[in-house]
Amino acid sequence: MLLSGRGEPAAAEAELAVQSAGAEWIVLRCSWFNQNFSESYLLEPILDGLLALPAGSVAEPFVDADDIADVAVAALTSDRHVGRLYELTGPRLLSFADAVAEIGRACGRSIRYVPLSVQEYATELAAQGVPDAVIELLSYLFTEVLDGRNARLTDGVRRALGRAPRDFRDYAHAVAESGAWQPLPATPAPSFR
């Protein structure tokens, strides 16, 4: 099984390599995960109340990682999935601004989205000490992959599981209820009297 990137030329090459290897294969092709906002590099900006990215107003079909996991389990436990490519998306298109607004409503906080240029974003990451290789990868994703090519929905979750994909709104409410998006209270500096 290969977890592949949607709209990425290098990922398409990896898919072809897996498909032509002579072994049974299954490809799960995905785009941006909902969980990037709560378990990955977008969590800290959400906690800070400001997400600044070079994503403009491009719409994405954010997919829930739990849906990906459910499809993977189904694919690994039934022969009916062998030789299939599932393109997995959520049930609707959202821009990053839309996603941030959903998160803010779900957790009752004011969270802003600010669009940046790729250069502004790379400069900010470098100032934060992010390694060059990570900056290059993120710049690639925001220029090559987030250009509108993935702004369409698919039926991959339904074909694999017989149900609709989870909606971003449901994801946002579940994370908000967990408290993961509530900033920690500032701790007072120790007193050395």
* When the residues of the range 71-104 are filtered to those that are of a type in the set (S, T, Y) and under 30 Å from S57 (Cβ atoms), which remaining residue is surrounded by the fewest Cβ atoms within 10 Å (Cβ to Cβ)? -> S95
* Asked: Considering the range 171-185 alone, what residues qualify as being surrounded by 16 or more Cβ atoms within 10 Å (Cβ to Cβ), in contact (Cβ under 8 Å) with a residue 40 or more places away in the chain and not hydroxyl-bearing (S, T, Y)?
  -> A172, H173, V175, A176, W181
* To do: Filter the range 4-14 for residues that are crowded, with 18+ Cβ neighbours inside 10 Å and among the acidic types (D, E) and give the result.
  => E8
* Structure fact -> Reported set for the range 23-44 where residues are part of a helix (DSSP H, G or I) and surrounded by fewer than 18 Cβ atoms within 10 Å (Cβ to Cβ) is N36, L43, E44
* Asked: Going by the structure shown, is F96 at pLDDT 95 or above and touching a Pro at 6+ places or on another chain (Cβ under 9 Å)?
  -> yes
* To do: For the range 74-125, name all the residues that are of a type in the set (G, A, S), in contact with a helix residue (DSSP H, G or I) (Cβ under 6 Å, 6 or more places away or on another chain) and more than 29 Å from Q182 (Cβ to Cβ).
  => A74, A75, A122
* Answer yes if at least one residue in the range 74-83 is polar (S, T, N, Q) and under 26 Å from Q128 (Cα atoms), and no otherwise. => no
* Output the residue which, of all residues in the range 48-61 that are out of contact with any Leu (no Cβ under 6 Å at 6 or more places or on another chain) and surrounded by 17 or more Cβ atoms within 10 Å (Cβ to Cβ), is farthest from T143 (Cα to Cα). => L51
* **Filter result (touching a residue at least 60 places away in the same chain (Cβ under 8 Å), over 23 Å from E144 (Cα atoms) and hydrophobic (A, V, I, L, M, F, W, C)) within the range 1-42** => M1, I26
* Asked: Within the set of pairs 6+ apart or on separate chains, which have a first residue in the range 82-100 that is over 14 Å from G148 (Cα atoms), a second that is surrounded by fewer than 20 Cβ atoms within 10 Å (Cβ to Cβ) and aromatic (F, W, Y), and C-beta atoms under 8 Å apart?
  -> V82/W25; G83/W25
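The values are calculated or read from the model by the stated rules, or taken from the named source; none is laboratory data. All figures in this text were calculated on a predicted structure; none of them were measured in a lab. Note that each Cβ is placed from the backbone with ideal geometry, even for glycine, and that neighbours are counted across all protein chains shown.
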